[in-house]
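Colleague: Here it is: the structure, laid out below.
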Amino acid sequence: MATVTIQKYTGKNKTSYIVRYKDPATRKTKYYKTFQKKKDAQQSANDLRALIDNGQMKKVEKNRVKREIMTFEKVTDSLILVWGKKLERNKLSPDTFEGYICRANVLNNVFGKKLISEIRSKDITKFQDDELKKELTCISQPVPI
């Protein structure tokens, strides 16, 4: 019989349920998934228990997809590729594409080397406040009439 546990975690604003299991090969407890609802966690724990009992550990490992840790620069590079493809298919105008590139470069100068998970709302607010104080070359200035 597989050992699968559900741990309740109560944070400031919400409660989550962490599903963990004991690996039959190493006998170490491993993280599986986190759920917002207890019902979902129980269902997943039952499914996981069945997989482990039937010796289908490969399916368990397949369900645990590791997320890649990305910098802001990596994200903007991938967005630029998407925008380039849209430009090629005429789903994006050249002016819009150039505007996106310009804004992405400005943001990369500030946030480029930071991990996405490290960027906080206060960092964004500070950036916005700083940008309001200085003139951006990317934004066209209104022409006085």
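Colleague: If you take the residues in the stretch 32-70 that are at pLDDT 90 or above and outside any helix (DSSP H, G or I), which one is nearest to Thr3 (Cα to Cα)?
Modeller: Top of the filtered list is Thr34.
Colleague: Also, quick follow-up: I want to confirm something. Restricting to the stretch 5-31 and keeping residues that are closer than 19 Å to Gln56 by Cβ and at pLDDT 90 or above, which single residue is surrounded by the fewest Cβ atoms within 10 Å (Cβ to Cβ)?
Modeller: Applying the filter and picking the extreme gives Arg20.
Colleague: Given the residues Val82, Val110, Val143, Val75, which is the only one that is of a type in the set (Val, Ile, Thr) and modelled with pLDDT under 90?
Modeller: Values: Val82 fails: modelled with pLDDT under 90; Val110 fails: modelled with pLDDT under 90; Val75 fails: modelled with pLDDT under 90.
Sole residue among the options that is of a type in the set (Val, Ile, Thr) and modelled with pLDDT under 90: Val143.
The values are calculated or read from the model by the stated rules, or taken from the named source; none is laboratory data. Bear in mind that the values here come from a model prediction, so they are computed numbers and not experimental data. With ideal geometry, Cβ positions are generated from the backbone for all residues, glycine too; neighbour counts draw on all protein chains shown.
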